[in-house]
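First the structure, in the form of structure tokens, and then the observations on it.
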Amino acid sequence: MTHFDNLETRSANDRARDLATALPAQIARAQALAGYAGRLDGVDAAAIKDAAALAGLPVLRKSEIGTAQAGQPPFGGFTMRPASGFAYVFQSPGPIYEPGGIEHDWWRMGRFLHACGIGKGDIVQNCFGYHLTPAGMIFESGARAVGAAVLPAGTGQTDLQVTAAHDTGVTAYAGTPDYLKIILDRADEMGVKLGITRAAVGGGALFPSLRAEYAERGISCLQCYATADLGSIAYESAAMEGMIVDENVIVEIVTPGTGDPVPDGEVGEVVVTTLNPDYPLIRFATGDLSAVLPGTSPCGRTNMRIKGWMGRADQTTKIKGMFVRPEQVAALVARHEEVVKARVIASRSGEMDVMTVQIESAGGDADAYGASVAEVLKLKGKVEVVAPGTLPKDGLVIEDQRTYD
């Protein structure tokens with residue numbers, strides 16, 4: 001079977017039709033939850049049928065969930081069941097608590113493992129952590145969904161990992177991109193031949209040189225983009241042309257610090273709405289940067305593609321002893337109707353910080369912009385007015401050019 005299911009190859013019209021039914025139901029679930037009190041008041045759930053309609057709703061940030069969890073542990077009123085109604089309760093750094101289920105592929109990782117060519121007859125050495133955080137169980141759930149057996153290896157104890165991989169006949173690896181190399185190199189040192197031919201990786205950067213090294217060893221290595229809160233967001237296929245968005249999430253790319261969508265192809269923050277009925281996260285800001293790729297994948301999967309992880313959207317920078325945040329830059333732009341976008345540049349002159357604010361506008365009063373800068377950013381800086389279309393489309397609203405060598 002080429003694809004995991006028929007959802008992956010739906011036409012755009014079929015996908016939009018299905019979403020127009022599923023999304024209003026998810027918004028209605030969220031409106032019933034204490035965590036969304038005051039956030040979705042007055043919203044007509046039946047009218048939220050696509051990503052364009054979603055853009056009018058507020059963005060939900062992880063820090064807000066953490067605050068809510070502190071007042072209403074453990075999930076802050078964002079889940080449809082109490083903690084005792086879930087199979088798992090996980091803890092991520094923060095601490096932030098996430099639920100987990102044992103229902104079929106609760107985190108939707110099966111699509112990715114299927115795209116990697118992993119299925120019945122495979123034994124997956126799962127080197128994601130099983131201790132408190134959910135990554136180990138997320139990938140184990142995906143392996144179950146494709147009918148593969150799992151060696152729950154976790155992290156560390158490399159010699160034992162090598163021995164177990166050899167003795168049990170492991171054929172596939174799941175874990176961070178770099179740890180597989182540690183296992184393979186140690187196997188070489190021990191004189192042990194392993195049978196790993198496929199790797200499903202995440203949680204770190206897969207550099208082209210590392211992927212090429214695995215290919216030379218006869219291992220096909222693909223990567224996914226997932227989080228503890230959302231599960232699978234997007235994944236590579238054998239075509240290796242961007243990451244295909246999962247069928248049960250809606251991905252938006254927005255200007256960092258705002259909920260405003262950017263044009264396709266422009267870099268921005270990844271905001272995700274999940275259709276998981278147990279844990280309705282609506283416009284959840286991941287803090288990651290990416291961009292939409294045009295067209296569809298040559299592998300036949302028809303959903304939107306993104307470029308993958310392109311850095312962090314939280315560009316908060318300290319200038320002259322004061323923090324400047326993307327949200328402040330967004331507020332500066334909102335003050336002036338004619339301003340398209342703005343970019344704060346931090347640099348040094350001698351031993352002093354210098355702040356330059358580039359404002360993309362067809363005109364306007366530079367002095368008025370300067371007054372807004374001082375009021376909104378709480379700092380005075382040089383203002384440069386540039387023509388629309390001048391600033392780079394790289395997702396940066398705060399650029400730190402300082403070096404400390």
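The values are calculated or read from the model by the stated rules, or taken from the named source; none is laboratory data. All values derive from a computational prediction rather than experimental measurement. Glycine gets a Cβ as well: all are built from the backbone with ideal geometry, and neighbour counts include every protein chain shown. Remember, those area values only see protein heavy atoms, side chains included, never the ligands or the DNA or RNA. Shrake-Rupley method; radii C 1.70, N 1.55, O 1.52, S 1.80 Å.
Could you check how much of the accessible area of the stretch 328-399 is carbon and sulfur, as a whole percent, using a 1.4 Å probe? Exposed carbon and sulfur together represent 53 percent of the surface. Heavy atoms of the protein chains alone define the surface here; on that basis the stretch 264-405 has 46 Å² accessible area per residue at 1.4 Å probe size. Farthest toward the positive end of the dipole of the stretch 216-357, out of GLY268, VAL340, PHE323, is the Cα of PHE323, where the dipole comes from beta carbon charges about the Cα centre. Derived scalar couplings between HN and Hα for the stretch 106-117 equal 4, 9, 6, 7, x, 4, 5, 5, 4, 4, 6, x Hz in order, rounded to whole Hz, by the Karplus curve 6.51 cos²θ - 1.76 cosθ + 1.60 (θ = phi - 60°), x for Gly and Pro. Accessible surface area normalised per residue over the stretch 73-115 is 40 Å², counting heavy atoms of protein chains with a 1.4 Å rolling probe.
Extension gain for the segment VAL192 to THR2, taken as residue separation times 0.36 nm less the Cα-Cα distance, is 65.1 nm to one decimal.
Look at where the Cα atoms of the stretch 331-405 and of the stretch 55-130 average out, and the two centres are 38 Å apart. Relative to the current alpha-carbon distance between ASN13 and GLU375, full extension at 0.36 nm per residue lengthens the span by 125.6 nm.
Enter the Cα centre distance for the pair the stretch 136-181 and the stretch 243-301, rounded to the nearest angstrom. Each part reduced to its Cα centre gives a spacing of 29 Å. Accessible area per residue (1.4 Å probe, heavy atoms of protein chains only) ranks GLU241, GLU269 as GLU241, GLU269, with the largest value leading. When a 1.4 Å probe is rolled over the protein heavy atoms, the share of accessible surface on the stretch 3-139 that falls to carbon and sulfur comes to 57 percent.
To put it simply, the accessible area of the stretch 179-235 at a 1.4 Å probe is 56 percent carbon and sulfur. Remark: the stretch 1-80 carries a charge dipole of roughly 140 debye about the Cα centre, counting +1 on each Lys and Arg Cβ and -1 on each Asp and Glu Cβ. Think of each Lys and Arg Cβ as +1 and each Asp and Glu Cβ as -1; about the Cα centre, that makes the dipole of the chain roughly 300 debye.
When only Cα pairs below 8 angstrom with a gap of at least 6 residues are kept, the chain shows a relative contact order of 12 percent. The Cβ shell under 14 Å around GLN69 holds other residues with a net charge of -1, Lys and Arg each +1, Asp and Glu each -1.
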